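This report refers to the structure that appears directly beneath it.
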Amino acid sequence: MSQEQIDRAIAKDYAAGFTTDIESDTLPPGLTEDTIRFISAKKNEPEWLLEWRLGAFQVWREMVGPDWAHVDYPEVDFQSISYYSQPKSMEDRPKSLDEVDPELLATYEKLGIPLHEQEALAGVAVDVVFDSVSVATTFREKLAEAGVLFCSISEAVQQYPDLVRKHLGSVVPRKDNFYAALNSAVFSDGSFVYIPKGVRCPMELSTYFRINEANTGQFERTLIIADEGSHVSYLEGCTAPMRDENQLHAAVVELVALDDAEIKYSTVQNWYPGDAEGKGGIYNFVTKRGLAHTNAKISWTQVETGSAVTWKYPSCILRGDNSVGEFYSVALTNNLQQADTGTKMIHLGKNTRSTIISKGISAGKSSNAYRGLVRVGPTAKGARNYTQCDSLLIGDQCAAHTFPYIESKNPTGIIEHEATTSKVSDDQLYLCQQRGLDPEKAVSMIVNGFCKEVFKELPMEFAVEAGKLLEVSLEGSVG
Amino acid sequence: MADLLTPQLNAETPAPDWLQARRLAGRAAWESSELPTRKTEAWKYTSLFALQQPFMAARESAESAEELGLELPQLAGSRLVFVNGFWREDLSEIEPDAAIELVRFSEADQSQAALIAQHLGSVVPGNKHPFSALNDAVLADGVFLRILKGSKAARPVQLVWHNSPQVDAAINSQRLLVLAEQHSEATVVEHFSGQGHSFTNGLTELILAAGATLSHSRLHLESAEALHVGGLHAALERDATLNSFHVAFGGKLKRIDIVINHLGQGAHCQLDGMYLLRGQEHVDYHTCIEHAVPHCTTDETFRGIVGDKASAVFNGRIHIHPDAQKTRAELSNKNLLTSATAEVNTKPELEIYADDVQCAHGATVAQLDESMLHYLRTRGIPADEALVLLSYGFINALVEKQRLESLRDYLKPRLADYFGAALAVDSDDAGG
Amino acid sequence: MLSIKDLHAEVEGKNILKGLNLEIREGEVHAIMGPNGSGKSTLGHVLSGRPGYEITQGSVEFLGKDLLELDTEERAHLGLFLAFQYPVEIPGVSNMEFLKASVDAVRESQGASAYDTVGFMRRAREACTAVDLDQAFLKRGVNEGFSGGEKKRNELMQMMLLEPRLCILDETDSGLDIDALQVVASGVNAMRSESRSFLLVTHYQRLLDYIEPDFVHVLADGRIIRSGDKSLALELEAKGYSWLDDGEVA
């Protein structure tokens, strides 16, 4: 098959790249203490939270951005970013979906996320975040019946201040890293979930993030608390319009799984990746971490196809005995995208177990790195880790890297890491073509097969979506 | 950096002009570079704190082999012995071999000096390796081995680098340059031994011309107090084959950088290594295989057993450059951690810029296999003895891969001794 | 020699043996046959003391001792030998080193003096010849890269050198061609004696064409459901294991 055929097979457009024409209140670019006071005041936050933010800002000013990742991008000018933007119609928070600006609802409709409950995906409750604010959360009443709290973090600060205060920053401290500190200072909105003791959340919870306004950054903060013996499955999706400038997305997600609880967190990340020449796209610099108590389980599944630059390591701190951490990842880069993503599994408790399955697909002139840390501490008697990292290269201009860090201080632990590299071979394509498949279909079939182990971890509705997303993202890559 | 160096830097040891010039250049480069800290990625797990003390230039020693505690390996073939970086004629043995030229830098003739000048430092990127500059600065004398085009060395060449305990902490450099010309073949074994807490900087450079085959071993058998920061840099031209074998026992701080450059198509490298650590020893192997051209292959295996309060670091990088298509490179690093206060940090790395390649790596930190242990016990071997036998086997599997029989015979009893294994039978006699 | 009473055992929480009884006297050859999953291999592992096999009920007496109280190697010292169905590979430890360590340990426990190196190597070479293995196998890592048949013959060679009292052969015949099977059988037959007993665990009757058993037992669902002489094996062969299901077991 010729390069041309392959190129054609993987060149499609970014479907979520439209702009919503809506009037917004946007803070002028720049970041000072006043910016933070403005955001805090806008959200009518209690004094402690303002102090917390200001503390983070102090820390952040002393820090420098990380330079160790295998990504290369011009320095971000933090003074040229607007740190707050909300649709004007959101000035008075709508009480129900009926009051939400139809233009906003249409935006989500267009993205395939109908918000009217009667039309919504059965069994999925959605919180939608548009630029800096949460627009709506569906199925709240139904969830409330089970005692599940699901709302924007801004609302949670008002309504459940004790829970928020107790857990905010408990898993990702403010000074954890440069972007976590920045997020702690300026975070605008995000989702909050609390599952009470022993409750199995009756439906999938989902948050949909959308950056719309130009020159804004999105700094969302998500906090999920699964109380003892509870169970929740949560999914986030993200998109942004096509713009020529790079936009910054620096989120923090904290998961707390108390004894015997289970949190399954899935991400389908489809931020605008920039165009084929590498112009524009989102810088996706995200800190995600879960803390697992005794017998708890935290499972991260991610399908990363978007963003110009991804820097993201969803991690598990396995503090409790017998706790389990999982990380299933598909990261696909095409054109000039760069990804440095992976996980950290920190084994502290006895008999803790972790599994890492990472599938990296590089196409075009992109660069895709897995970076992972497995640390078995002196207290983690009988800890067990298994890691499998596979890279698939499509075309001879791309790059695939594997950087696993293994640190063991316990003679009873077993850590196993394996990595392989393969390509979509001419022979495979030839066979598929000989059996009547066009090259595009053949590549997508091979890639889907390569990712199967990860897709099966996604909630059913999203597994299908993820497969399609890969197909679209691969367009233009076959060569 | 200046702390580390004495004013002398061996600059006063007589040497040809070219060597003296190299010392001074090395000294300038070292003094202008900065000692890496643990914030430097390549030194994340290894502290150079033990080097933060003044070292004197090592002194010549005239002690006998017994007084030095020097056990001369009998691998057959020529043997050059250096003590504290200085040649000891009385302990050395040179067997004439028309296939090779084996000289010290200080005695090289004009054409040899020209070859040395051409190749010495040619595969060591000085800016990345400040300790290579230090090696130049401190060098008393070095060894040049040339294997002539189309020739095969009849017997192995042995180099023994030994340190005697000195009054003050001493620093010395050891340097070997091997030039294997086209289609030549040879076997070289380097021994590093000695007592005391000398700081040694051993640097080996191997240049393999087209079709050359070289077996090279670097045995670090120094004392538990030893400090060693050194390296091996190799360049492989078309169809060259390098078998490189590394053994490290002990050492307060041992850091060995191994960089193999595949520069010609069809080059092959088999790289094996083992580290055995006890007490508070620290060994750090950093390996890097540069696949710069297509059709080259690499098989790399490192194994370690780490006990007591020791810590081991392994970093194995395989770098496939753009266009290095049809590369096959595999790396395996297995570790046994045998104590709750020991530590293993391992990082196999793949950096790939070409698509039609077969690359894989694996790393484990674990215990001995349960089913093997059970099997031995069903045959009446007590559990503790079975553990010893399996630990020995875990490491010995790498020794068995080495082609030089006398080297295997030399190492196996040492390994058995190290593990306390009662291996009454030498299996090599069994076929009888 | 061996007396198993009401033996119950489980693996990973699953009951495999459910009340097995078996008596083996000196010099006898017993064969245990049974369908896949009946617990045949479990019996051998339980008797050898493999980790993960938990005895939940019952007793096993071997040469007057409570076998279940002993460590795996102590059972070997007493003279219990298990020829594995799937012997593990141990790279780095040569067959010779392994054999010497094993024979020395067993002899030492029995108060016998260790063989001198030369004498031992002679015996090892003889054993190699007896099982038709090239002597080069003595130099190679234990079972490393051996074919299935070579592994089985290596097991048999160890059995000859260790001179055990009770030999348990766990499906030693499976995967062997006829020539290899004959080698194994003649090795076993040569070792038969008044004081040595055998327990042959097998799926197929054909092994018993070469090694004639004194007793044949049928194991199903963790218990011996039928015992008889060698004719039972022929009957099984003719009618298949389902014949038993249709009979008293069903």
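Got a sec? Which of C:Phe84, C:Phe120, C:Phe62 is touching a residue at least 40 places away in the same chain (Cβ under 8 Å), at the interface with chain B (Cβ under 8 Å from one of its Cβ atoms) and aromatic (Phe, Trp, Tyr)? None of the others qualify; the one that does is C:Phe84.
The residue that is farthest from the chain's Cα centre (by Cα), among those in segment C:166-202 that are of a type in the set (Gly, Ala, Ser) and surrounded by 19 or more Cβ atoms within 10 Å (Cβ to Cβ), is C:Ala180.
Looking only at strands (runs of 3 or more DSSP E) that fall completely inside segment B:259-356, which ones have 2 or more residues that are within 12 Å of another protein chain (Cβ to nearest Cβ)? Filter on segment B:259-356 gives B:297-306, B:311-320, B:328-337, B:343-352. Might you let me know whether segment A:396-403 holds any residue that is facing chain B (nearest Cβ under 8 Å), outside any strand (DSSP E or B), in contact with a strand residue (DSSP E or B) (Cβ under 8 Å, 6 or more places away or on another chain) and closer than 20 Å to B:Cys359 by Cα? For segment A:396-403, residues facing chain B (nearest Cβ under 8 Å), outside any strand (DSSP E or B), in contact with a strand residue (DSSP E or B) (Cβ under 8 Å, 6 or more places away or on another chain) and closer than 20 Å to B:Cys359 by Cα: present.
Looking only at segment C:142-162, how many residues end up being away from every other protein chain (no Cβ under 14 Å) and more than 13 Å from C:Phe84 (Cα to Cα)? The qualifying residues number 1.
Filtering segment A:276-309 down to residues that are among the hydroxyl-bearing types (Ser, Thr, Tyr) and in a loop (DSSP other than H, G, I, E, B), which residue is surrounded by the fewest Cβ atoms within 10 Å (Cβ to Cβ)? Checking each candidate, the answer is A:Thr294. Could you go through segment A:64-71 and let me know if any residue there is out of contact with any Gly (no Cβ under 6 Å at 6 or more places or on another chain), modelled with pLDDT of 70 or more and farther than 30 Å from A:Phe403 by Cβ. Checking segment A:64-71: not a single residue is out of contact with any Gly (no Cβ under 6 Å at 6 or more places or on another chain), modelled with pLDDT of 70 or more and farther than 30 Å from A:Phe403 by Cβ.
Among the conditions (1) assigned to a helix (DSSP H, G or I); (2) without any contact (Cβ under 8 Å) to a residue 12 or more places away in the chain; (3) under 24 Å from the mean Cα position of the chain (by Cα), B:Gly26 misses just one, which is (2).
Can you tell me which residues in segment B:376-394 are touching a residue at least 40 places away in the same chain (Cβ under 8 Å) and more than 7 Å from chain C (Cβ to nearest Cβ)?
Correct list: B:Ser391 only.
For C:Gly149, indicate whether it is out of contact with any Lys or Arg (no Cβ under 8 Å at 6 or more places or on another chain), free of Cβ contacts under 8 Å to residues at least 12 places away in the same chain and surrounded by fewer than 21 Cβ atoms within 10 Å (Cβ to Cβ). For C:Gly149, the condition - out of contact with any Lys or Arg (no Cβ under 8 Å at 6 or more places or on another chain), free of Cβ contacts under 8 Å to residues at least 12 places away in the same chain and surrounded by fewer than 21 Cβ atoms within 10 Å (Cβ to Cβ) - is not met.
The rows are residues; the columns are (1) assigned to a helix (DSSP H, G or I); (2) free of Cβ contacts under 8 Å to residues at least 60 places away in the same chain; (3) within 14 Å of chain B (Cβ to nearest Cβ).
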residue	(1), (2), (3)
A:Lys381	no, yes, yes
A:Asp390	no, no, yes
A:Glu416	no, yes, yes
A:Ser422	no, yes, yes
A:Glu440	yes, no, no
A:Val443	yes, no, yes
A:Ala466	yes, no, no
A:Leu469	yes, no, no
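Condition first: among the acidic types (Asp, Glu) and over 12 Å from the mean Cα position of the chain (by Cα). Now tell me which residues in segment B:270-284 satisfy that. Within segment B:270-284, B:Glu281 is the sole residue that qualifies. Restricted to strands (runs of 3 or more DSSP E) entirely inside segment B:72-187, those with at least 1 residues that are among the hydroxyl-bearing types (Ser, Thr, Tyr) are B:170-180.
Residues in segment A:404-443 that are closer than 17 Å to B:His319 by Cα and either out of contact with any strand residue (DSSP E or B) (no Cβ under 7 Å at 6 or more places or on another chain) or hydrophobic (A, V, I, L, M, F, W, C) (or both): A:Ala419 alone. For segment B:266-290, the candidate set comprises residues that are at pLDDT 95 or above and touching a Cys at 6+ places or on another chain (Cβ under 9 Å); within that set, the residue that is surrounded by the most Cβ atoms within 10 Å (Cβ to Cβ) is B:Ala267.
Put simply, of B:Ala363, B:Ala397 the only residue that is more than 7 Å from chain C (Cβ to nearest Cβ), modelled with pLDDT of 90 or more, on the phi < 0 side of the Ramachandran plot and touching a Pro at 6+ places or on another chain (Cβ under 7 Å) is B:Ala363. Against the list (1) touching a Leu at 6+ places or on another chain (Cβ under 7 Å); (2) closer than 24 Å to A:Ile406 by Cβ; (3) not in a strand (DSSP E or B), the condition B:Cys359 fails is (3). As for segment C:17-33, it holds no residue that is closer than 18 Å to B:His374 by Cα and either modelled with pLDDT under 90 or touching a Ser or Thr at 6+ places or on another chain (Cβ under 7 Å) (or both).
Let's see how each residue does on (1) touching a strand residue (DSSP E or B) at 6+ places or on another chain (Cβ under 8 Å); (2) facing chain B (nearest Cβ under 8 Å); (3) under 30 Å from B:Gly304 (Cβ atoms):
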residue: C:Lys100; (1), (2), (3): no, yes, yes
residue: C:Gln135; (1), (2), (3): no, yes, no
residue: C:Arg140; (1), (2), (3): yes, no, yes
residue: C:Pro164; (1), (2), (3): yes, no, no
residue: C:Ile168; (1), (2), (3): yes, no, no
residue: C:Gln182; (1), (2), (3): no, no, no
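The values are calculated or read from the model by the stated rules, or taken from the named source; none is laboratory data. Note that the structure is a prediction, hence the values are computed from the model and not measured. Counting neighbours? That spans all protein chains shown, and the Cβs are built from the backbone with ideal geometry, glycine included.
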